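Asker: Sharing a structure here in structure tokens format.
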Amino acid sequence: MKILLTLFYGLIFTLPLGMHAASLNGFNLDRLTIPIEQVLSGGPGRDGIPAIIKPRFVDGKDADFLKKNDVVLGLTMDGKSKAYPIKILNWHEIVNDSISNRKYVVSYCPLCGSGMAFLTQSGGESLTFGVSGLLYNSDVLMYDHQTESLWSQIRGEAISGTAAGRKLTQYPLTLTRWKQWYSEHPDTLVLSTRTGFYRNYSQDPYAGYSRSPRLFFPVANKAPSSYATKETVLGYKGDQGTIAFPLSELRKHDQGEFNYLFEGQQLSIHWDRENQSAWITDSSGKQLASTMLYWFAWYAFYPDTKVFKAEMFKAGD
């Protein structure tokens, strides 16, 4: 069986389902920590999806290319805020950036709906990242330019090369609508469409994908059908385990905010029904790192995850 992927240069790539690329895009897989058959080619080669290395920004008031319901990933660091529109990230997947000399990477995988940010100091050096063109559990494998190790986005960990086993520190992001982010952060900067690459950022190369149960690539652990394949969940990693808060469960909850005890830690779960956004803070109000993504993707990586059920909620673990 074959699938057709319409991708970034107006070309059609044909890829046998389940076949991994023979060359693995030129990456040396020394010290690979996952089965090699689970590393698949996504179609484009290394940097075929070009990461943004030197991003440009515009003031929020000048971001006239955004509509009020456009989805953005918002980040606040050292009192400064930035928004990264999904309509740009769909074409680039990775943005290397910094605030106040603190370097980080924003990564978005359209196949998993997963937007994540990581501080890029690792192993005593500051890393920059590109798109390898390879996938693991349908999720983008990033690579760092310094060691050319491959990194699993959802795991936040290197799975090959000299960095294998190293983890990145995840930094909190908020996935929400542009109108909401701008109203709460009027001084925000916005990633500019002046990326240095010619792309039609008004066109969604994955149009219809989120509404289809079909996956383009196989995953190691098939999610139970208790939720739709691409139901959005809010995933949180504790010290010992993980938990998913499906948005369909949050919709059953009357409150926009409630407390939940997980692994002995009091979490505040925030749910914005209008903007289809959710995030987590601790008891002091500090936002914690979490990830909004598709149910199949969270389960593929964390099949032992706990799942929040509204009807069983007792404000406790």
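The values are calculated or read from the model by the stated rules, or taken from the named source; none is laboratory data. Please read all numbers here as calculations on a predicted model, not as lab measurements. In this analysis, Cβ positions are derived from the backbone assuming ideal geometry, glycine residues included, and neighbour counts consider all displayed protein chains.
Asker: Residue pairs, Cβ under 6 Å, 6 or more apart or interchain, first in the range 115-133 and closer than 12 Å to Asp97 by Cα, second of a type in the set (Asp, Glu) and at pLDDT 95 or above. List them.
Answerer: The qualifying pairs are Leu127/Asp144; Phe129/Asp144.
Asker: When you go through Thr162, Thr176 one by one, which is the residue that is out of contact with any Leu (no Cβ under 6 Å at 6 or more places or on another chain) and either buried (at least 18 other Cβ atoms within 10 Å of the Cβ) or not in a loop (DSSP other than H, G, I, E, B) (or both)?
Answerer: Thr176
Asker: Considering only the range 182-208, how many residues are in contact with a Pro (Cβ under 7 Å, 6 or more places away or on another chain) and either in a helix (DSSP H, G or I) or among the hydroxyl-bearing types (Ser, Thr, Tyr) (or both)?
Answerer: Looking only at that region, the number is 1.
Asker: Within the range 144-152, can one find any residue that is of a type in the set (Val, Ile, Thr), touching a strand residue (DSSP E or B) at 6+ places or on another chain (Cβ under 7 Å) and in a loop (DSSP other than H, G, I, E, B)?
Answerer: no
Asker: Moving on to the next point. Check off (1) part of a loop (DSSP other than H, G, I, E, B); (2) farther than 23 Å from Val71 by Cβ for Phe258 and give me the number that stays unchecked.
Answerer: (1)
Asker: Going through the range 150-185 one residue at a time, which ones are aromatic (Phe, Trp, Tyr) and more than 20 Å from Cys109 (Cβ to Cβ)?
Answerer: The answer is Trp178, Trp181, Tyr182.
Asker: Ok, one more. Quick check: anything in the range 102-118 out of contact with any helix residue (DSSP H, G or I) (no Cβ under 9 Å at 6 or more places or on another chain), under 21 Å from Ile49 (Cβ atoms) and assigned to a loop (DSSP other than H, G, I, E, B)?
Answerer: Among the residues of the range 102-118, not one is out of contact with any helix residue (DSSP H, G or I) (no Cβ under 9 Å at 6 or more places or on another chain), under 21 Å from Ile49 (Cβ atoms) and assigned to a loop (DSSP other than H, G, I, E, B), which makes the answer no.
Asker: When Val140 is evaluated against the numbered criteria (1) part of a loop (DSSP other than H, G, I, E, B); (2) outside the structural domain of Ser277 (by TED's automatic domain parsing); (3) out of contact with any His (no Cβ under 9 Å at 6 or more places or on another chain); (4) not aromatic (Phe, Trp, Tyr), which criterion, by number, is the only one it fails?
Answerer: Every listed condition holds for Val140 apart from (1).
Asker: Considering only residues of the range 257-293 that are in contact (Cβ under 8 Å) with a residue 12 or more places away in the chain, more than 12 Å from Ile243 (Cα to Cα) and small (Gly, Ala, Ser), which is surrounded by the fewest Cβ atoms within 10 Å (Cβ to Cβ)?
Answerer: Per the stated criteria, the residue is Gly285.
Asker: Being surrounded by fewer than 18 Cβ atoms within 10 Å (Cβ to Cβ) and either of a type in the set (A, V, I, L, M) or not in a loop (DSSP other than H, G, I, E, B) (or both) is the filter here, so list the residues in the range 121-137 that pass it.
Answerer: Gln121, Glu125, Ser126
Asker: Across the range 294-308, what is the total count of residues that are surrounded by 18 or more Cβ atoms within 10 Å (Cβ to Cβ) and in a strand (DSSP E or B)?
Answerer: Number satisfying all stated conditions: 2.
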